[in-house]
1. Condition first: crowded, with 16+ Cβ neighbours inside 10 Å and over 14 Å from the mean Cα position of the chain (by Cα). Now tell me which residues in the range 44-62 satisfy that.
2. Name the residue that is modelled with the highest pLDDT, counting only residues in the range 141-161 that are among the small types (Gly, Ala, Ser) and within 24 Å of Asp229 (Cβ to Cβ).
3. Within the range 14-39, work out how many residues are of a type in the set (D, E, K, R), within 18 Å of Arg208 (Cα to Cα) and part of a strand (DSSP E or B).
4. State all residues of the range 229-239 that are exposed (fewer than 14 other Cβ atoms within 10 Å of the Cβ) and either under 16 Å from the mean Cα position of the chain (by Cα) or of a type in the set (A, V, I, L, M) (or both); if no residue qualifies, say none.
5. Considering Ala197, Ala242, which residue is more than 30 Å from Ala258 (Cα to Cα), over 16 Å from the mean Cα position of the chain (by Cα) and surrounded by fewer than 19 Cβ atoms within 10 Å (Cβ to Cβ)?
6. How many residues, within the range 116-137, are of a type in the set (Ser, Thr, Tyr) and either under 15 Å from Ile42 (Cα atoms) or part of a loop (DSSP other than H, G, I, E, B) (or both)?
7. Within the bounds of the range 209-221, is there any residue that is over 17 Å from the mean Cα position of the chain (by Cα), not small (Gly, Ala, Ser) and not in a loop (DSSP other than H, G, I, E, B)?
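The values are calculated or read from the model by the stated rules, or taken from the named source; none is laboratory data. Quantities reported herein were computed from a predicted structural model and do not represent experimental measurements. Cβ: placed from backbone, ideal geometry, glycine included. Neighbour counts: every protein chain shown.
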Amino acid sequence: MIEKYLKRRAEMLRSLDGLRVELDVERRIGMLILDRPPLNIISYKGRTQIRMLIEEMDDDDDIGVIVIRGANGVYTSGGDVKAFLDIPPDGMSHLAWNIGAPERASKPVIAAIEKYAMGVGFELALACDFRLATKDSVVALPESSIGQMPGSGGAPRVVQLIGLTRAKQMVLLGERIPAEKACDWGLLAEVVEDSDALTKLVHRYAERLNALAPISRSSLKRVLNLANDTSTAAGLDLEGHAYEKLRGTADYKEGIHAFAEKRKAKYQGK
């Protein structure tokens, strides 16, 4: 039985559909690249592969930060809409699980957006911890224009981030939101001039994130995500238990000693 499961996963990842992976060993960045010219459309099969690849990178000790980016100066214009009618009944009710993989990852995930982040591509970015973009980018959930709605977690996450009024303006009307406006609304963390500046910004984020104690970093990500989706009382309780857990780690002791000795901490993930 185990062999069958392993074979099935291996077969799914053997031939990537419009995706590729690169590893920056020095910066400890795992890069998931959307690569289907010209607009890097994400296929139905690609959604499952995205989830599996993020899960594998999350388990890779050589990777500290995961980055999702598009090839050739474009993030993605969205999904393969023309193929949707060929998907069997109930075959798309699980899409939010695959596209939500960045949120479930213990490691921080950055979406580096250029030109377009639309449909499922923006939904994938919404599941990331940080969304960084070039100033000429636009973000959109335009599914209402074809008689549908976002199906991979977009509507609920947009409501959480920007509130109901702006969410209806964006999602119900299917409006394209320019990067600077999206940043003002809270959909993006930062906006920079161009692709080169975006790469430098991603590297700065990765450097800062990789400098954190791994157990503390992953615990904090979990607390923040759950606090955003639960009551204040439950969030406070979770934060307290996570704080208490971290007190027993070697990295916490190292952090205290480094602070007292005015030196840079050397974390080991223990």
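1. Correct list: Tyr44, Lys45, Gly46, Thr48, Gln49.
2. Residues of the range 141-161 among the small types (Gly, Ala, Ser): 144-145, 147, 151-155.
Pick out the ones that are also within 24 Å of Asp229 (Cβ to Cβ) and you get 151-155.
Details: Gly151: 83, Ser152: 85, Gly153: 89, Gly154: 89, Ala155: 92.
Step by step, filter the range 141-161, then rank; the result is Ala155.
3. Filtering the range 14-39 for residues of a type in the set (D, E, K, R) gives 14, 17, 20, 22, 24, 26-28, 35-36.
From the residues that got through so far, the ones that are within 18 Å of Arg208 (Cα to Cα) too are 24, 26-28.
Of the ones still in play, those that are also part of a strand (DSSP E or B) are 24.
Summing the residues that are of a type in the set (D, E, K, R), within 18 Å of Arg208 (Cα to Cα) and part of a strand (DSSP E or B) in the range 14-39 gives 1.
4. Taking the range 229-239 first, the residues exposed (fewer than 14 other Cβ atoms within 10 Å of the Cβ) are 229-234, 236-237.
Across the range 229-239, the qualifying residues are Ala233, Ala234, Leu236.
5. On the way: Ala242 fails: more than 30 Å from Ala258 (Cα to Cα).
Criteria check complete, one pass: Ala197.
6. Quick first cut of the range 116-137, residues of a type in the set (Ser, Thr, Tyr) only: 116, 134, 137.
So of that shortlist, the ones also either under 15 Å from Ile42 (Cα atoms) or part of a loop (DSSP other than H, G, I, E, B) (or both) come out as 116, 137.
Residues in the range 116-137 being of a type in the set (Ser, Thr, Tyr) and either under 15 Å from Ile42 (Cα atoms) or part of a loop (DSSP other than H, G, I, E, B) (or both): 2 in total.
7. First, pick out the residues of the range 209-221 that are over 17 Å from the mean Cα position of the chain (by Cα): 211-216.
From the residues that got through so far, the ones that are not small (Gly, Ala, Ser) too are 212, 214-215.
Filter once more, so that each one left must be not in a loop (DSSP other than H, G, I, E, B): 214-215.
Yes, some residue in the range 209-221 is over 17 Å from the mean Cα position of the chain (by Cα), not small (Gly, Ala, Ser) and not in a loop (DSSP other than H, G, I, E, B).
Yes/no per residue for (1) part of a helix (DSSP H, G or I); (2) of a type in the set (Gly, Ala, Ser); (3) under 28 Å from Glu207 (Cβ atoms); (4) touching a residue at least 60 places away in the same chain (Cβ under 8 Å):
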residue	(1), (2), (3), (4)
Asn225	yes, no, yes, yes
Thr230	no, no, no, no
Gly235	yes, yes, no, no
Asp251	yes, no, yes, no
Gly255	yes, yes, yes, no
Ala260	yes, yes, yes, no
Lys264	no, no, yes, no
Lys270	no, no, yes, no
